[in-house]
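The next block holds one structure in the form of structure tokens; read it before the comments.
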Amino acid sequence: MKPSPALDRTLSALADPTRRAVVELLRKKPRRAGELAAALAMSAPALSRHLRILRKSSLVIDDEVENDARVRLYRLRPEGLNSLHEWLDEMTAFWDAQLLSFKAHAEKRTGRRQR
């Protein structure tokens, strides 16, 4: 398995509980930064740092609100999770193969004992 900078950025971004809470809020619907800050009971500058990391990891994008360029609307970018999905699929396939191999081994040993 080759190193994946995208996966590293995604895992690093999601390692923080506040950023996971932002992702969870945005999963329900797009929100303004002020709404996110209020929901998480944090200051706008503190939230801004978390949003910057989520944007750099491609998990979140921001759009201008129609008719007001000063307001940004944040929403999830599902493609940002692709590297994580791929890695989890690889890990799942690995462990599925390991467990099937163990099951076959255990059943073969059990079959020998019954004779």
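No value in this document is a laboratory result; all are computed from the given coordinates. Everything quoted here is computed from the prediction, not taken from an experiment. FYI the Cβ positions are ideal-geometry reconstructions off the backbone, even for glycines, and counts take in every protein chain you see.
Every residue, every condition in (1) of a type in the set (G, A, S); (2) over 15 Å from K56 (Cβ atoms); (3) in contact (Cβ under 8 Å) with a residue 12 or more places away in the chain, yes or no:
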position	(1), (2), (3)
R9	no, no, yes
A15	yes, no, no
A21	yes, yes, yes
P30	no, yes, yes
### Task
Restricting attention to the stretch 1-40, report how many residues are over 19 Å from L84 (Cα atoms), surrounded by 15 or more Cβ atoms within 10 Å (Cβ to Cβ) and of a type in the set (K, R).
1
### Query
Does N67 satisfy the condition of being exposed (fewer than 12 other Cβ atoms within 10 Å of the Cβ) and out of contact with any Leu (no Cβ under 9 Å at 6 or more places or on another chain)?
yes
### Message
Any residue that is in a helix (DSSP H, G or I) and either without any contact (Cβ under 8 Å) to a residue 60 or more places away in the chain or in contact with a helix residue (DSSP H, G or I) (Cβ under 9 Å, 6 or more places away or on another chain) (or both) - is there at least one of those in the stretch 58-77?
### Response
no
### Query
Among the residues of the stretch 7-36 satisfying the criterion of being part of a helix (DSSP H, G or I), small (G, A, S) and over 16 Å from L76 (Cα atoms), which is farthest from the chain's Cα centre (by Cα)?
G34
